[in-house]
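*Asks:* Encoded as structure tokens, here's the structure I'll be asking about.
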Amino acid sequence: MTENRIVLLLLALAAVLPAFVGDQYVMHLLIMTFFYAMLSTSLNLIVGYVGELSLGHAAFLGLGAYTSAVLSTEAGLPFWLCLPAAGIVAGTAALAVGAITLRLEGHFFVLISLAFAEVLRYVVMNSVELLRGPLGYPNIPAPSLSFGGTVLADFASKAHFYYLGLALLAATLYAAWRFARSSFGLGALAVRENRRLARAVGIDPFRHALVAFVAGGVLAGIAGSFYAHYLTFVGPEVLGFSFTLSALMMVVIGGRGTLLGPLLGAAVVGITLELLRSVNEARLSIFGILLVLAVMFLPDGLVSLRWRRRPEPAEESPTEALDSPLRS
Amino acid sequence: MAMLEIDGVSKRYGGLQAVKDVTLRVGKGEIVSLIGPNGAGKTTLFNLITGFARPDSGRVRLEGEDVTGLSPEAVARHGMVRSFQITNVFANMPVIENLRLASYLRMRSPLLSDVFGLRSARDRAARTMKEANGILDLVGLARFRDTPAKRLAYGQLRLLEIAIALCVRPRLLLLDEPAAGLNSREGEKLTELLRRLRDGRGLTVLLVEHDMDLVMSVSDRVVVLNFGEKIAEGTPAEVKENPQVIEAYLGTPFEEEAA
């Protein structure tokens, strides 16, 4: 079964699940899993496909969430306008930030990306007049879908939100899949695999990193908008490092640079985090250990498990192959 | 007009004058070898030509067009493509994917038609694939098409590097020690491949090489560097006889070494 089919199958399963699960708490967990899957898929475009470690991803999530919060509570715009606006604002910010920081390589980029998100968080925290500071925006209205005065879907109910989240996740995955399959994704892959050689064959690492960064920013902003309208509250913590960390864990544990990886990661990490709620203090420590173990024993993530069991194909020239200096 | 003109190029790293006022020309369809003892500045000169390092002074022109100080990717897009001294391939990918990545520039369509998988983008991808298969045949790696690059033997990897460079459709191919680590049989195959590239495809090649058999049999001209300076230039026969070269580079005359 190909990766795409597995993804489609999972989405289809998720689509019929509400028929069997009525529990509101389980529904809530699944909706949050959709949110995290969107967020980690967006981060995966940068971490997985370009190979740049961005520790400031929460900035784009937060920008999307705040855009939605401000536009819907202050300007009274409907969700369906707030959502694309959130994507545009986050994407524009990603373009501005990326155009400067992606010229830096390696550690410098990592640090600047982290600093950007933290600075943004402090600015929001201290903008009490403009952005309500630590108070945040409560009472963000739920979306509604009506046609000619008839309400088609009322998102005050969990089930409708569930399908909204699932649809947005499917759209996010589709966008990521299209990106990865395009020649642009291919170029990004070349940069990740061997930057020097990529440049020698004419691939511009900066341009590719920037396109992936902006795409990741747009998708994170859309995820942020969904988050805002679902939880009905947005405060400075959406810009916090913990969101970036969670998404990063999901990408690494699930499998970098794959479509399925962030999805699996979001499900496994999200559900484990929830199960560990009873031992709240130890939760993050346990996660730290899990992350270390994952990197040590499963560097390609959960998705690599299913290929590992398959026997290696017979080698064409076993004696020659032993000489290969690149054999790991 | 010459394919490549290097005019008075210099580069200093701290106290080390790595390349000093080097001028050389490579004509269209020529195979020119750059030789010299270790540390003579051959690889630095390659880096200066291909944009991986910026010269302190001097100009580099490709068919009359000034490419001095351009980024490596821009130089490659101008049709000057290099290989590396240390084997450099996309190790985790199958051979054919390596070539597909290298053909990237020609596969690329406008971003939107590409992302939405339009017909024109797909056609372009198919054409590129066909060409990649042709190049695999040419270098003799066709049967390893789907083998991950890291499983290839050393000699095959060197051929793959050349295949990768060819996928960019270079006018000028720069090879940094392509024969390093090859056995004599593989070396002969490489010589033959280089001749075929020159005669069949009209390709111009600039070569850094230590393997004297290869250099002497394949080169139209040989340029000798020592301590960053050009000390001699001529046909293989002329360079072999040049006393300065013998002293600086070969140490002992050819006849004695062969004896």
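The values are calculated or read from the model by the stated rules, or taken from the named source; none is laboratory data. Please read these numbers as outputs of a predicted model, since none were measured by experiment. Note: ideal-geometry Cβ built from the backbone for every residue, glycine included; neighbour counts use all protein chains shown.
*Asks:* Please go through the range B:203-240 and give me each residue that is surrounded by fewer than 19 Cβ atoms within 10 Å (Cβ to Cβ) and within 15 Å of the chain's Cα centre (by Cα), ordered by number.
*Replies:* Hit for the range B:203-240 is B:210, nothing else.
*Asks:* To continue, here is another question. Before we move on, is residue B:45 under 19 Å from residue A:200 (Cβ atoms) and under 17 Å from the mean Cα position of the chain (by Cα)?
*Replies:* yes
*Asks:* Within the range A:146-176, take every residue that is among the β-branched types (Val, Ile, Thr) and at pLDDT below 75 and give me the one that is farthest from residue A:9 (Cα to Cα).
*Replies:* Ranking the qualifying residues of the range A:146-176, first place goes to A:150.
*Asks:* On the phi > 0 side of the Ramachandran plot, at pLDDT 90 or above and within 16 Å of the chain's Cα centre (by Cα): is that true of residue B:58 in this structure?
*Replies:* no
*Asks:* Check every one of the helices (runs of 4 or more DSSP H) wholly within the range A:68-139 and list those with 1 or more residues that are charged (D, E, K, R) and within 22 Å of residue A:236 (Cβ to Cβ).
*Replies:* Here the list reads A:107-126, A:128-131.
*Asks:* Right, something else. Could you check how many residues of the range B:71-88 are touching a strand residue (DSSP E or B) at 6+ places or on another chain (Cβ under 9 Å), farther than 14 Å from residue B:164 by Cα and either touching a residue at least 12 places away in the same chain (Cβ under 8 Å) or facing another protein chain (nearest Cβ under 7 Å) (or both)? Walk me through it before giving the result.
*Replies:* Here is the first cut: in the range B:71-88, the residues touching a strand residue (DSSP E or B) at 6+ places or on another chain (Cβ under 9 Å) are B:72, B:75-76, B:78-86.
Next cut, farther than 14 Å from residue B:164 by Cα only: B:72, B:75, B:78, B:85-86.
Add one more test, that the residue is either touching a residue at least 12 places away in the same chain (Cβ under 8 Å) or facing another protein chain (nearest Cβ under 7 Å) (or both), and what stays is B:72, B:75, B:78, B:85.
So the count comes out to 4.
*Asks:* Looking at B:29, B:64, B:51, B:14, which is the one that is within 14 Å of another protein chain (Cβ to nearest Cβ) and on the phi > 0 side of the Ramachandran plot?
*Replies:* The match here is B:51.
*Asks:* What helices (runs of 4 or more DSSP H) lie completely within the range A:202-283 and have 3 or more residues being more than 30 Å from residue A:157 (Cβ to Cβ)? Please lay out each step first, then the result.
*Replies:* On the way: elements: A:205-231, A:241-254, A:260-275.
Hits in the range A:202-283: A:205-231, A:241-254.
*Asks:* Say whether the condition of being of a type in the set (A, V, I, L, M) and over 22 Å from residue A:58 (Cβ atoms) is met by at least one residue in the range A:127-136.
*Replies:* no
*Asks:* Run residue B:34 past the list (1) surrounded by 17 or more Cβ atoms within 10 Å (Cβ to Cβ); (2) out of contact with any strand residue (DSSP E or B) (no Cβ under 6 Å at 6 or more places or on another chain) and report the number of the one that doesn't hold.
*Replies:* (2)
*Asks:* Among B:194, B:206, B:175, B:214, which is the only one that is part of a helix (DSSP H, G or I), at pLDDT 90 or above and either not assigned by TED's automatic domain parsing to the domain that holds residue B:161 or not hydroxyl-bearing (Ser, Thr, Tyr) (or both)? Give the derivation first.
*Replies:* Values: B:206 fails: part of a helix (DSSP H, G or I); B:175 fails: part of a helix (DSSP H, G or I); B:214 fails: at pLDDT 90 or above.
Matching residue, one of B:194, B:206, B:175, B:214: B:194.
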